[in-house]
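Visitor: Just passing along the structure, written as structure tokens.
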Amino acid sequence: GAVVSQHPSRVICKSGTSVKIECRSLDFQATTMFWYRQFPKKSLMLMATSNEGSKATYEQGVEKDKFLINHASLTLSTLTVTSAHPEDSSFYICSARVPGVNEQFFGPGTRLTVL
Amino acid sequence: AQRVTQPEKLLSVFKGAPVELKCNYSYSGSPELFWYVQYSRQRLQLLLRHISRESIKGFTADLNKGETSFHLKKPFAQEEDSAMYYCALSPNNAGNMLTFGGGTRLMVKP
């Protein structure tokens, strides 16, 4: 099946710094990737849809200047949490849609802790 | 806007007992419904979708448009079924923008 990876799996940073999370489709090209946030014991909340070669589409309430998304190639999307604060601590999960297949494949997630 | 509700946060059953994880949705159009499963320390993965009408690992789910439900069922639960289960809705057939329910943790006791 299609494989999606995320890097890093875990990151701890100081308040005020920026953190970049990578999402890669390893064996397929993904024109569309998605970024989710999962709070402890809560469901996944869609943050934005990342489209290769164009601007990301953000969900209501998600600050685009805070969560920068870049989808520069068909196999890589990045999420940068800018000027991170402790309330940004969460589990961030990406997924990628296989073209022509109505299914999303999920990455393993990245645990972000902001001190 | 669409919404997915899973009323039970935790469902605990004994091995061999029947299981039903409830999922209700609200959406004005014709959605596609999915069940995703997350085993301990593993990533989220697709279990089944309503359009394929297949049984995966003994699980089935039928879309009931009248009741706007997509409950997940298995006649005889196994210990390895213990996991987090998420019901999800896609507002179209393009696989975009999944809206997830809150999830139900299934615990199957020996």
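The values are calculated or read from the model by the stated rules, or taken from the named source; none is laboratory data. Quick caveat, the model's predicted, so the values are computed rather than measured. Cβ: placed from backbone, ideal geometry, glycine included. Neighbour counts: every protein chain shown. All accessible areas refer to the heavy atoms of the entire protein, side chains included, with ligands and DNA or RNA removed. Shrake-Rupley method; radii C 1.70, N 1.55, O 1.52, S 1.80 Å.
Visitor: Give me the accessible area of residue A:50, 1.4 Å probe, in Å² rounded to the nearest 10.
Guide: In the full protein context, residue A:50 sits at about 0 Å².
Visitor: How would you rank B:56-64, A:92-100, highest first, on the average number of other Cβ atoms within 10 Å across their residues?
Guide: A:92-100, B:56-64
Visitor: For chain B, how many pairs of lysine residues have a Cα-Cα distance under 21 Å, where the two are 8 or more positions apart or belong to different chains?
Guide: 20
Visitor: Sort the protein assembly as shown into rounded, prolate or oblate with this rule: let a ≥ b ≥ c be the square roots of the eigenvalues of the Cα gyration tensor; rounded if a/c is under 1.5, and if a/c is not under 1.5, prolate when a/b is larger than b/c, oblate otherwise.
Guide: Judged from the Cα gyration tensor, the protein assembly as shown comes out prolate (a/c at least 1.5, a/b above b/c).
Visitor: In debye, nearest 20, what is the charge dipole magnitude of segment A:36-89 about its Cα centre with +1 on Lys and Arg Cβ and -1 on Asp and Glu Cβ, if you could check?
Guide: Charge dipole of segment A:36-89: 140 debye, to the nearest 20.
Visitor: What figure in square angstrom, to the nearest 10, would you give for the accessible area of residue A:105 with a 1.4 Å probe?
Guide: The value for residue A:105 is about 40 Å².
Visitor: Still on this model: Might you work out the accessible area of residue A:79 for me, using a 1.4 Å probe with all protein chains in place, and round it to the nearest 10 Å²?
Guide: Its heavy atoms expose roughly 0 Å² to the probe.
Visitor: Among all the aspartates and glutamates, which ones have a C-alpha under 18 Å from residue A:42's C-alpha, if same-chain residues fewer than 8 places away are not counted?
Guide: Hits, sequence-local ones excluded: A:59, A:87, A:88, B:8.
Visitor: Determine the dipole magnitude for the protein assembly as shown: charges of +1 sit on the beta-carbon of Lys and Arg, -1 on that of Asp and Glu, nothing else is charged, the reference point is the Cα centre, and the result goes in debye to the nearest 20.
Guide: Magnitude of the dipole: close to 440 debye.
Visitor: Ranked from the most accessible area to the least, with a 1.4 Å probe and all protein chains present, what is the order of B:19, A:101?
Guide: Working: B:19 10, A:101 60 Å².
Putting B:19, A:101 in descending order of accessible area: A:101, B:19.
Visitor: Next question, about the same structure. Express in whole angstrom the spacing between the alpha-carbon centres of segment B:1-47 and segment B:73-92.
Guide: Segment B:1-47 and segment B:73-92 have Cα centres separated by 5 Å.
Visitor: Continuing with the same structure: Projecting each Cα onto the charge dipole of chain A (Lys/Arg +1, Asp/Glu -1 at the beta carbon, about the Cα centre), which of A:17, A:30, A:44 comes out farthest on the positive side?
Guide: Going by the Cα projections, it comes out as A:17.
Visitor: Given a 1.4 angstrom probe, I'd like the percentage of the accessible area of segment B:14-107 that is carbon and sulfur, rounded to a whole number.
Guide: 48
Visitor: Which whole number gives the average count of other chain Cβ atoms within 10 Å of the Cβ atoms across peptide B:39-52?
Guide: 3
Visitor: Determine the per residue accessible area of chain B with all protein chains present and a 1.4 angstrom probe, expressed in square angstrom.
Guide: Per-residue value: 51 Å².
Visitor: Follow-up question, since we're still on this one. Can you give the relative contact order of segment B:14-110 as a percent, counting alpha carbon pairs under 8 Å and 6+ residues apart?
Guide: Relative contact order here is 36 percent.
Visitor: Please check segment A:34-48 for residues whose accessible area, probe 1.4 Å, is lower by 20 Å² or more when all protein chains are in place than in their chain alone.
Guide: A:34, A:36, A:38, A:43, A:44, A:46
Visitor: Moving on. Which whole-number percent is the relative contact order of segment A:15-115 (Cα, under 8 Å, 6+ apart)? Walk me through the numbers before you get to the answer.
Guide: Details: 222 pairs, mean separation 33.7, N = 101.
Rounded, it is 33 percent for segment A:15-115.
Visitor: Quick test of your reading: applying the under-4.7 Å Cβ rule, which cysteines of chain A are isolated?
Guide: Isolated Cys, chain A: A:13.
Visitor: To continue, here is another question. Would chain A count as rounded, prolate or oblate if I go by the C-alpha gyration tensor, calling it rounded below 1.5 in a/c and otherwise prolate when a/b exceeds b/c, oblate otherwise?
Guide: Verdict is prolate for chain A.
Visitor: Further question on the same structure: Express in whole angstrom the spacing between the alpha-carbon centres of segment A:94-115 and segment A:21-51.
Guide: 4
Visitor: Of B:14, A:67, which has the most accessible area and how do the rest follow, probe 1.4 Å?
Guide: B:14, A:67
Visitor: Give the interface area between chains A and B as buried accessible surface, both sides summed, probe 1.4 Å, in Å² to the nearest 100.
Guide: Summing both chains' loss of accessible area gives about 1500 Å².
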